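Remarks on the structure that follows.
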Amino acid sequence: MSGQAGEKAVSGAGITVPTGAPPIPSPAVAPDDTPRASAPGRPSPVRSTAGSGAGTVLAGRYRLVARVGSDLSAGAEFWRAEDTVLQRDVGLTVLRRRPADEGQDDPEGTARAAEMIVRALRSGGFEHQGCARLLDVLAANSPGVPPDVLGAAVTEWVADRSLTEAVADGLIKPHRAARMVAQLAAAAEEAHGRGLVLGTDHPQRIRVTGDGRAQVAFVLPRPGVEPEDDVRGLGAVLYTLLTSRWPLSGSDAARAGLPSPTREEDGSPVPPSALRPGVPVELDAVCGAALAVTPPSGVGRVHTAAAVRRMIDEVVAEDERAALFPPEHDGVAVGPDDVWQARTRRTENRDPRRRRKLAIGLGVLAAAVLAVLGYLGVQIGSLFGEPSAPAIVVGEQSTASAVPGGPAESVPITGVSMEVVDDQGDRDNADQVDRAVDGDPRTAWATYTYRQQLPALKPGVGLMASFASVEQLSRIMITSPSAGTVVEVRSAPSATADLADTTLLTRKTLDSGETMISLADSQPVQHLLVWVTKLSGSGEAYVSQVDEIVFYRAGS
């Protein structure tokens, strides 16, 4: 991200860089980034030729792991790195010092790098789902910054796929491609309203998340980037998702491992439908309006991200309205979530956790049916038996449970959805939270491993459970190997409620194994927060693990 106004800014590492800061040495020309075969999100490490490379630690905290791209015009390299303090992956945009030409520095490159760092600092408050969150900014000559690094920006790591990897698996359905770009267009619109630019016009700055969103993953675009460049970048990303070709810079396309499209006489790329039959004319129009050197006949050239977003939103809305009619064949195989399925297609359950939860639910239902039939059998038998016959008590079952109207044993609640709650926004291992309610104690969710006990870094971290409807709970069972973990059980008015809006029901220290927490006096709830206020562990390793949480409905 890049800003266009401001007086001074301070990085996440506590570095102050005023607007009139002295020149910083210029960035190096990045080495070749021709894509190499690797697992999605985990590229093969590529050591830099400019000095510091894979294994180098910046600011005593960020270890460079694998370079995933570069922007030569910005003098920037894109790295997957490890935050050794919070033990998580981050994205790192590194500005390199150019090799000295006969012992002379490059003043132009030095000034450009300084401006990019200052603009990054000014954009620190910008957050949007279409752009990775900026976490830290490092200036040149700061403690722990290598001499060949002019500066760096740290962002959340978009761990799934690069733009090249997203289109390498095969054709993407046109309307799905439009949905993938919608959040990116909304992010550009909001950024431009704040005087910022994102740098969407470079293919290696874009990555695709697991839920199918195109996102700016690496910041620090070159100073000359304008909002109109972002607009062209939005059209280019959509064009690439439709055709697997990057329509802007040919050198950028080659470095990303993407071919360039055929071009019209005026230099504009041919419409996507000319390369791939089945692309709707509406998406041809979006790409043409954003990319064309000369606006196509009947279509005006768009100059704002807001206009691109509105066009994409209209295409998506029209697709949703037309879902009742069979789609035009676009050469893409039918997906499991498509409304219209081929007659010969076999449906498969692709979610083993859903299948396991269904089996548990059916088992609970069968047990309830047997209990009702047994109760009815007892009642019918009593009509024909001796009126003075005493009640039969089996084992340690209480008399009240054998008497009509007595309380029944509570049963587990199924179909519970779970989300990680974190006031600091880190959301410890959010992609593994379903393991806490999947019915399998062999799978688990755990917090990050911290070097300090709560609440030194954050007030706590929690699991928000949501039920299908309001439930009266009798107790919850937490299975955990992390003895000494302290949890608060809180009722919440909604799944997104702040901690201050929740109500404390009880507090419990977990044992190793199963810990039962009674909620006998609680009110009916639909959302329940299990809030961890103290982690297990000692020294410089504090972590708590939850193997399973079972919520029990009160008997009636």
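Here are the numbers:
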| item | result |
| --- | --- |
| Filtered residues of region 220-255 (kept if basic (Lys, Arg) and without any contact (Cβ under 8 Å) to a residue 40 or more places away in the chain) | 245 |
| Residues within region 133-170 that are touching a Gly at 6+ places or on another chain (Cβ under 6 Å) and part of a loop (DSSP other than H, G, I, E, B), tallied | 6 |
| Any chance residue 470 is within 19 Å of residue 528 (Cβ to Cβ), touching a strand residue (DSSP E or B) at 6+ places or on another chain (Cβ under 8 Å), exposed (fewer than 14 other Cβ atoms within 10 Å of the Cβ) and not assigned by TED's automatic domain parsing to the domain that holds residue 82 | yes |
| Check on residue 477, of a type in the set (A, V, I, L, M, F, W, C) and more than 21 Å from the chain's Cα centre (by Cα) | yes |
| In region 499-509, the residues that are in contact (Cβ under 8 Å) with a residue 40 or more places away in the chain and farther than 24 Å from residue 484 by Cα | none |
| Lone unmet requirement of (1) assigned to a loop (DSSP other than H, G, I, E, B); (2) at pLDDT 85 or above for residue 99 | (2) |
| Filter result for residue 515 (in contact with a Ser or Thr (Cβ under 9 Å, 6 or more places away or on another chain) and buried (at least 20 other Cβ atoms within 10 Å of the Cβ)) | no |
| Residue within region 173-185 that is in contact (Cβ under 8 Å) with a residue 12 or more places away in the chain, in a loop (DSSP other than H, G, I, E, B), outside the structural domain of residue 134 (by TED's automatic domain parsing) and not hydroxyl-bearing (Ser, Thr, Tyr) present | yes |
| Entirely in region 215-279, the helices (runs of 4 or more DSSP H) that have 2 or more residues that are among the β-branched types (Val, Ile, Thr) | 227-243 |
| Qualifying residue in region 64-77 (condition: modelled with pLDDT of 90 or more and in a loop (DSSP other than H, G, I, E, B)) | no |
| Residue within region 192-201 that is farther than 18 Å from residue 230 by Cβ and crowded, with 23+ Cβ neighbours inside 10 Å present | no |
| Any hit, region 508-516, residues being touching a Leu at 6+ places or on another chain (Cβ under 9 Å) and either more than 29 Å from residue 368 (Cβ to Cβ) or modelled with pLDDT under 95 (or both) | no |
| Condition check for residue 510: assigned by TED's automatic domain parsing to the domain that holds residue 549, under 13 Å from residue 529 (Cβ atoms) and of a type in the set (A, V, I, L, M, F, W, C) | no |
| Flag if residue 292 is under 19 Å from residue 168 (Cα atoms), surrounded by 16 or more Cβ atoms within 10 Å (Cβ to Cβ) and either touching a Phe, Trp or Tyr at 6+ places or on another chain (Cβ under 6 Å) or in the same structural domain as residue 168 (by TED's automatic domain parsing) (or both) | no |
| Positions within region 188-202 being within 14 Å of residue 133 (Cα to Cα) and assigned to a loop (DSSP other than H, G, I, E, B), in sequence order | 198 |
| Scope region 434-456; condition within 21 Å of residue 513 (Cβ to Cβ) and of a type outside the set (Gly, Ala, Ser); matching residues | 435, 437, 438, 440, 441, 442, 443, 445, 447 |
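This table checks each residue for (1) at pLDDT below 85; (2) surrounded by fewer than 19 Cβ atoms within 10 Å (Cβ to Cβ); (3) charged (D, E, K, R).
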| residue | (1), (2), (3) |
| --- | --- |
| 280 | no, no, no |
| 287 | no, no, no |
| 304 | no, yes, no |
| 309 | no, no, yes |
| 312 | no, no, no |
| 324 | yes, yes, no |
| 330 | yes, yes, yes |
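The values are calculated or read from the model by the stated rules, or taken from the named source; none is laboratory data. Just so it is clear, the model here is predicted, and its values are computed rather than measured. A quick note on method: Cβ atoms are made from the backbone with ideal geometry, for glycine too, and the neighbour counts reach across all protein chains shown.
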